[in-house]
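Notes follow once the structure below has been shown.
The values are calculated or read from the model by the stated rules, or taken from the named source; none is laboratory data. Only a predicted model underlies this, so the values are computations on that prediction, with no experimental measurement involved. Reconstructed Cβ throughout: ideal geometry from the backbone, glycine too, with neighbour counts over all protein chains shown.
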Amino acid sequence: MSAASDLDWIDDLAVEIFNEHTLAGLAVGVVRDGELVHFTGIGLADGATARPVDENTVFRIGSISKTCTAIAVLQLVEEGLLGLDDPVNDHLRGFRIAHDDLGTPPVTIRHLLTHTAGIGELRGWSDLLRPTGGLAAKLGKPLPPLTDYYAPVLRAEVAPGAKWAYANHGFAALGQVVEDVSGEPFAERLRARIFEPLGMGHTDFLRSEKVAARLATGYALGRKGLKPVKDTEIVVGPAGSIFSTTADMARYVASLANGAAPLLRRETFEQMLDPQGEDDPRLPAMGLAFMVGRLGEHRVAGHDGGWPGFISSLLVAPDAGVGVVAFTNTSAGFAPHTVAERVLARLLDVPDATAPVPASPHLWPELVGVYKPLPGLGTNFRWWPLIGGEVEVAVSRGHLVARAPSPVKLLRKGIRLEAVDPAEPLAFESRIEGVALPIRFARDATGRISTVRTGSTRGGFLELHRRPRVTSLRLWSQVGAGAAAAGAATALWRRRGR
């Protein structure tokens, strides 16, 4: 790693994020011109032994693993063994993917790569009774083969292509496709076709000797401070099982910043970065496994990851040859993404904020209302804990806000929607933890505001559809609370009247 005094400011930013989120350890790596040019390590990889975080500390990178799984899929496409629009069931041997909507097209490889297969967060509701929603297994016990885990059928909840819904199970199925088509165990395929060509000597899909000795301990912050989380294995390995270091992931980022060489042909990697089905270039979008957006005028691709005790973020600006990785061994929300995005923005000379744009209050009556996702309990499972099933756009204290019946105080109170472009009155953004979240309203064929969309490379895309206010959960909870208060007041009055 070369010295880079011009990047010392990253250390101060990392300390700020570290303290703000109360992390056990934090690792930040900057890749430029094909090498790791700056590393910041703060805190401890393991509190019991006082082992510090360094560039060779092994973290669980969670769903960043999905990008490796996708590259393994695209390698098969390049070899002519697979097509992106092939029905998945043409290649799966031990189980199949099915849905109940008769007459709809089959689930394809592309659907799985873009989280549009209609598969939900759970195989079934019984997964709610299992550790980490059925995704985890006890440490030291053999993992069930995916062919047993899903057999005979992994069922999609809604028709493929109907909506975007994050699906760990979809990427697990892609891993099984790689194994079934290549004839090689998935772990061996990743080692031979991704890790070894890049010189990632301390990276593995399994908890092997390459990673076990340097593995960080995962923590969560409780009332008494940081506490180690229970260590488990990941059943859906291709969706999130990779163990790696900052130094090794810098090699991976360097490859991505160079068109994914030598893993893929440049034109194949460019295909992975093409927005799939997104018709608004101003919004972040889903590529093939990668989430793609912009920082200023620069294309950015990335993915975040999380597992109990670990959060990770990878962002790369492929046209500028720059990338950032950030890992923490703490369950700490968006801390790694926040530091990665802020570092990358400064490296790309993106201004911290744009000039304010005048609001358009005359337009607000058209926007105010209740917006909900399309039906599907399993495919909305990720959003229910965050928005409580709906978002209400309202005017509060002289500002346009979006609020939801959410456990998150900021969303309950309401986040302000700020205008961003005088020429695009339906374009807004909100700033959460210092990161801008773009928001776009859209009209239907009659000219009425019908949908609102948002998305972030933090890990999700959400489309909400306008619904009658009478369907609002917030409204009915207020009505219920009012009725209860009125009943209590009436009972008290009657008692006093006696």
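Among the residues of the range 375-387, is there at least one that is out of contact with any Asp or Glu (no Cβ under 6 Å at 6 or more places or on another chain), farther than 30 Å from V158 by Cβ and either modelled with pLDDT under 90 or polar (S, T, N, Q) (or both)?
Within the range 375-387, not a single residue is out of contact with any Asp or Glu (no Cβ under 6 Å at 6 or more places or on another chain), farther than 30 Å from V158 by Cβ and either modelled with pLDDT under 90 or polar (S, T, N, Q) (or both).
Among the residues that make up the range 145-155, is at least one of them of a type outside the set (F, W, Y), surrounded by 15 or more Cβ atoms within 10 Å (Cβ to Cβ) and closer than 30 Å to G323 by Cα?
Checking the range 145-155: not a single residue is of a type outside the set (F, W, Y), surrounded by 15 or more Cβ atoms within 10 Å (Cβ to Cβ) and closer than 30 Å to G323 by Cα.
Scan the range 266-293 residue by residue and report those that are over 17 Å from the mean Cα position of the chain (by Cα), touching a residue at least 60 places away in the same chain (Cβ under 8 Å) and not in a helix (DSSP H, G or I).
G277, D280, R282
Can you run down the residue pairs with Cβ atoms below 8 Å, 6 or more apart or on separate chains, where the first is in the range 37-56 and on the phi < 0 side of the Ramachandran plot and assigned by TED's automatic domain parsing to the domain that holds F18 and the partner is basic (K, R) and in a strand (DSSP E or B)?
Matching pairs, first to second residue: L44/R51; A45/R51.
Within the range 220-246, track down each residue that is assigned to a loop (DSSP other than H, G, I, E, B) and either under 20 Å from L344 (Cβ atoms) or of a type in the set (D, E, K, R) (or both).
R223, K224, K230, D231
Within the range 146-203, which helices (runs of 4 or more DSSP H) (wholly inside it) include 1 or more residues that are in contact (Cβ under 8 Å) with a residue 12 or more places away in the chain and touching a His at 6+ places or on another chain (Cβ under 7 Å)?
Of the helices (runs of 4 or more DSSP H) lying wholly inside the range 146-203, those with at least 1 residues that are in contact (Cβ under 8 Å) with a residue 12 or more places away in the chain and touching a His at 6+ places or on another chain (Cβ under 7 Å) span 168-182.
Report whether or not V300 is within 17 Å of V30 (Cβ to Cβ), touching a residue at least 12 places away in the same chain (Cβ under 8 Å) and out of contact with any Pro (no Cβ under 6 Å at 6 or more places or on another chain).
When the stated conditions are applied, V300 passes them.
Which ones in the range 185-202 are among the small types (G, A, S) and closer than 21 Å to F59 by Cβ?
Correct list: A187, G199, G201.
If you scan the range 247-265, which residues turn out to be touching a Ser or Thr at 6+ places or on another chain (Cβ under 7 Å) and assigned to a helix (DSSP H, G or I)?
Matches in the range 247-265: D248 only.
Return the residues of the range 404-415 that are buried (at least 16 other Cβ atoms within 10 Å of the Cβ) and farther than 27 Å from L128 by Cβ; say none if nothing qualifies.
Those that are buried (at least 16 other Cβ atoms within 10 Å of the Cβ) and farther than 27 Å from L128 by Cβ: G414, I415.
Has the range 283-291 got at least one residue that is of a type in the set (F, W, Y), out of contact with any Leu (no Cβ under 8 Å at 6 or more places or on another chain), at pLDDT 95 or above and surrounded by 23 or more Cβ atoms within 10 Å (Cβ to Cβ)?
Looking for residues that are of a type in the set (F, W, Y), out of contact with any Leu (no Cβ under 8 Å at 6 or more places or on another chain), at pLDDT 95 or above and surrounded by 23 or more Cβ atoms within 10 Å (Cβ to Cβ), one finds none in the range 283-291, hence no.
For the range 310-399, which helices (runs of 4 or more DSSP H) that fit wholly inside it have 3 or more residues that are of a type in the set (A, V, I, L, M, F, W, C) and surrounded by 20 or more Cβ atoms within 10 Å (Cβ to Cβ)?
Result: 335-347.
Would you mention how many residues in the range 433-462 are within 21 Å of the chain's Cα centre (by Cα) and surrounded by fewer than 16 Cβ atoms within 10 Å (Cβ to Cβ)?
Of the residues in the range 433-462, 1 are within 21 Å of the chain's Cα centre (by Cα) and surrounded by fewer than 16 Cβ atoms within 10 Å (Cβ to Cβ).
Of the residues that make up the range 239-252, is at least one surrounded by fewer than 19 Cβ atoms within 10 Å (Cβ to Cβ) and in the same structural domain as D85 (by TED's automatic domain parsing)?
no
Among D85, D54, D11, which is the only one that is of a type in the set (D, E), over 18 Å from T108 (Cβ atoms) and not in a helix (DSSP H, G or I)?
The conditions single out D54.
Under the condition of being in a loop (DSSP other than H, G, I, E, B) and on the phi < 0 side of the Ramachandran plot, which residue from the range 294-309 is nearest to the chain's Cα centre (by Cα)?
Across the range 294-309, the extreme among qualifying residues is P308.
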